[in-house]
Amino acid sequence: MIEEIMRIFSIPELRKKILITLALLGACRIGAYVPVPGINTDMAVALFRNATGGGQNLFQLMDIFSGGAFAHMTIIALGVMPYISASIIMQLVVALMPSFQREMKENGEQGKKKLIKWTRIATVFLAIFQAGIYARYAIGINESTPGVVLSQIADVRMFNVPWLFYIIVVSTMTTGTVFLMWIGEQITERGIGNGVSMIITVGILSSLPSTIGSIIRQLNLQSQEVGQLTFSSLVVLCAVFVLIAVGTILVIQGQRKIPLQYARRMVGRHEVQGGSSYIPLKVNYAGVIPVIFASSLLMFPATICQFAGQGNFLGSIATMLSPGSWVYSTLYVLLILFFTYFWTATQFHPDQIASDMKKNGAFIPGIRQGKPTQDFLEETMNRITLLGGVFLGVIAILPIIVSKILGVDARISHFFGGTSLLILVGVILDTTRQLQSHLLTKQYDGFIKRGKLKIRG
């Protein structure tokens with residue numbers, strides 16, 4: 001392990017990428033401790049804990065994803081959820097607009113830039129909207145429990161509206177979201193791993209110390225009385241943790257190998273007859289993207305209803321969409337299945353694979369080249385995608401079931417299984433794969449450079 005780490009840091013370019021990634025993630029975590037001006041953080045956290053109460057709660061899940069920034073009402077309280085929601089909207093727009101699809105195919109680089117531009121604009125508008133709802137919610141809390149918002153800011157009103165507080169919250173939280181978006185793009189471009197996924201992962205990992213503290217407190221080790229969390233419940237949670245981790249690795253790494261035969265193939269400059277190979281079709285082609293997308297899409301309307309509705313119709317919707325309810329669980333699984341198929345459809349192109357196979361003289365035994373091969377690949381991918389999507393859905397709602405059966409604190413069950421663990425394992429696997437790819441590339445580069453030196457000599 002130590003040798004592998006030393007080997008990674010021995011490559012200057014790879015070392016630079018890792019250091020850039022760590023520095024940007026560190027800057028991201030600093031933002032989680034910078035409160036919005038005018039907010040009494042200690043009082044806000046106390047009210048948040050009282051509101052969550054240890055049960056299944058949307059705010060608790062939001063706080064886990066934001067790495068504690070949500071409860072502390074900091075400048076990055078919204079996290080990267082507006083950006084993910086904007087990405088989902090733009091992906092759907094591309095899928096529903098044939099003209100946009102043609103532009104993406106014919107002029108990929110220009111189409112990609114256009115997509116990124118509109119995603120950023122949509123992120124800003126969504127962040128402004130959510131920050132405004134957040135400010136309204138904070139004012140409502142302050143009216144029932146004065147002191148959360150400093151009176152010097154809350155009392156500056158026009159038409160009985162605390163306009164100064166709204167401006168401060170909306171501007172700072174929107175800036176925080178844009179800052180996270182920029183960090184995510186920089187990590188993806190100049191660092192290691194997917195930037196947005198890395199930010200979410202660091203936020204989840206930051207809750208590890210508080211989760212361990214909650215476990216120790218609920219075990220009640222200092223007393224002979226049985227605590228809220230028993231050792232048997234802890235053993236079950238650890239078993240679920242191992243099961244999800246191993247299962248996630250197996251499914252993400254799992255492949256269906258489609259055998260190939262070659263009538264002819266090129267080896268260097270020479271054409272040889274025959275040969276065999278295979279096409280690796282991933283069981284879970286989309287990785288943990290469906291889990292992130294489904295969580296974000298559910299959190300967006302549910303958070304707005306939770307903020308805007310107390311004791312009214314919107315409040316009832318927020319209750320139905322809160323983690324632990326059967327409505328939430330059903331919608332969550334269905335959205336995971338939808339985004340698994342949606343992402344696979346946008347990234348996997350059987351027509352292109354079939355065309356390349358025909359050009360290279362390759363064929364699947366028993367399947368004709370061209371359209372039959374395309375149909376076979378599409379049908380096979382649909383079947384294995386269903387298995388991958390069902391697995392993700394079951395694993396995602398497993399902590400909700402375990403928490404209800406064992407009566408465990410939702411924060412603990414969410415960390416030990418489900419969405420959080422799926423994202424952690426998936427992102428770690430993806431990052432490890434990128435590191436291995438960089439190491440392999442550098443080895444080949446080294447061989448090429450040595451070869452050039454020999455030729456010159």
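The values are calculated or read from the model by the stated rules, or taken from the named source; none is laboratory data. What you see is a predicted model, and the numbers here were worked out from it, not measured in a lab. FYI the Cβ positions are ideal-geometry reconstructions off the backbone, even for glycines, and counts take in every protein chain you see.
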Review point. Which residues, counting only those in region 174-203, are of a type in the set (A, V, I, L, M, F, W, C), at pLDDT below 90 and closer than 24 Å to ILE133 by Cα?
Key: VAL196, ILE199, ILE200
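Does region 109-128 hold any residues that are more than 21 Å from the chain's Cα centre (by Cα), within 26 Å of SER296 (Cβ to Cβ) and loosely packed, with under 14 Cβ neighbours inside 10 Å, and which are they? It would help to see each step written out before you state the result.
Applying the first criterion (more than 21 Å from the chain's Cα centre (by Cα)) to region 109-128 yields 109-111, 113-114, 128.
Add one more test, that the residue is within 26 Å of SER296 (Cβ to Cβ), and what stays is 111, 113-114, 128.
Once the filter is applied, which keeps residues that are more than 21 Å from the chain's Cα centre (by Cα), within 26 Å of SER296 (Cβ to Cβ) and loosely packed, with under 14 Cβ neighbours inside 10 Å, region 109-128 yields only LYS113.
Quick check on region 148-159. Is at least one of its residues among the basic types (Lys, Arg), farther than 30 Å from ILE18 by Cα and either in the same structural domain as VAL36 (by TED's automatic domain parsing) or in contact (Cβ under 8 Å) with a residue 60 or more places away in the chain (or both)?
Of region 148-159, the ones among the basic types (Lys, Arg) are 157.
Then keep just the ones that are farther than 30 Å from ILE18 by Cα; that gives 157.
From what's left, either in the same structural domain as VAL36 (by TED's automatic domain parsing) or in contact (Cβ under 8 Å) with a residue 60 or more places away in the chain (or both): 157.
Scanning region 148-159 turns up at least one residue that is among the basic types (Lys, Arg), farther than 30 Å from ILE18 by Cα and either in the same structural domain as VAL36 (by TED's automatic domain parsing) or in contact (Cβ under 8 Å) with a residue 60 or more places away in the chain (or both).
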Study note, to complete from the structure: Per the filter on region 408-440, residues buried (at least 21 other Cβ atoms within 10 Å of the Cβ), hydroxyl-bearing (Ser, Thr, Tyr) and at pLDDT 70 or above are THR419, SER420
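Please verify whether GLY193 is over 21 Å from ALA44 (Cα atoms), not aromatic (Phe, Trp, Tyr) and not in a helix (DSSP H, G or I), treating the condition exactly as stated.
Details: over 21 Å from ALA44 (Cα atoms): yes; not aromatic (Phe, Trp, Tyr): yes; not in a helix (DSSP H, G or I): yes.
The answer is yes for GLY193.
For every residue, the table says whether it meets (1) in a helix (DSSP H, G or I); (2) under 21 Å from SER296 (Cβ atoms); (3) β-branched (Val, Ile, Thr); (4) at pLDDT below 70.
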| residue | (1), (2), (3), (4) |
| --- | --- |
| LYS17 | yes, no, no, no |
| ILE20 | yes, no, yes, no |
| ALA23 | yes, no, no, no |
| GLY26 | yes, no, no, no |
| ILE30 | yes, no, yes, no |
| VAL45 | yes, no, yes, no |
| ARG49 | yes, no, no, yes |
| PHE59 | yes, yes, no, yes |
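Please specify each residue of region 74-92 satisfying the condition of being surrounded by 14 or more Cβ atoms within 10 Å (Cβ to Cβ), part of a helix (DSSP H, G or I) and of a type in the set (A, V, I, L, M, F, W, C).
Here is the first cut: in region 74-92, the residues surrounded by 14 or more Cβ atoms within 10 Å (Cβ to Cβ) are 74-91.
Cutting the leftovers down to part of a helix (DSSP H, G or I) gives us 81-91.
Result: MET81, ILE84, ALA86, ILE88, ILE89, MET90.
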Exercise for review: Test ILE353 against the criterion of being farther than 19 Å from ILE84 by Cα, surrounded by 17 or more Cβ atoms within 10 Å (Cβ to Cβ) and touching a Phe, Trp or Tyr at 6+ places or on another chain (Cβ under 8 Å), and give yes or no.
Suggested key: no
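Could you please let me know if GLY67 is at pLDDT below 85, more than 20 Å from the chain's Cα centre (by Cα), over 27 Å from PRO162 (Cβ atoms) and not in a helix (DSSP H, G or I)?
Numbers: at pLDDT below 85: yes; more than 20 Å from the chain's Cα centre (by Cα): no; over 27 Å from PRO162 (Cβ atoms): yes; not in a helix (DSSP H, G or I): yes.
Judged against the criteria, GLY67 is not a match.
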Check your understanding: Taking region 15-35 as the region of interest, how many residues are in contact (Cβ under 8 Å) with a residue 12 or more places away in the chain and over 17 Å from ILE76 (Cβ atoms)?
Key -> 4
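Quick check: anything in region 143-159 in contact with a strand residue (DSSP E or B) (Cβ under 8 Å, 6 or more places away or on another chain), farther than 30 Å from PHE339 by Cβ and in a helix (DSSP H, G or I)?
If we filter region 143-159 for residues that are in contact with a strand residue (DSSP E or B) (Cβ under 8 Å, 6 or more places away or on another chain), which is where we start, we get 148-150.
Applying the additional criterion that residues be farther than 30 Å from PHE339 by Cβ yields 148-150.
In the following step, the residues that additionally are in a helix (DSSP H, G or I) were identified as none.
No, because not a single residue in region 143-159 is in contact with a strand residue (DSSP E or B) (Cβ under 8 Å, 6 or more places away or on another chain), farther than 30 Å from PHE339 by Cβ and in a helix (DSSP H, G or I).
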**Study point:** Residue under evaluation THR230, criteria (1) loosely packed, with under 14 Cβ neighbours inside 10 Å; (2) free of Cβ contacts under 8 Å to residues at least 12 places away in the same chain, criterion not met
**Key:** (1)
Revision key, fill the gap. Selection over region 262-316 where residues are surrounded by 15 or more Cβ atoms within 10 Å (Cβ to Cβ), modelled with pLDDT of 65 or more and farther than 30 Å from LEU331 by Cα yields a count of 2
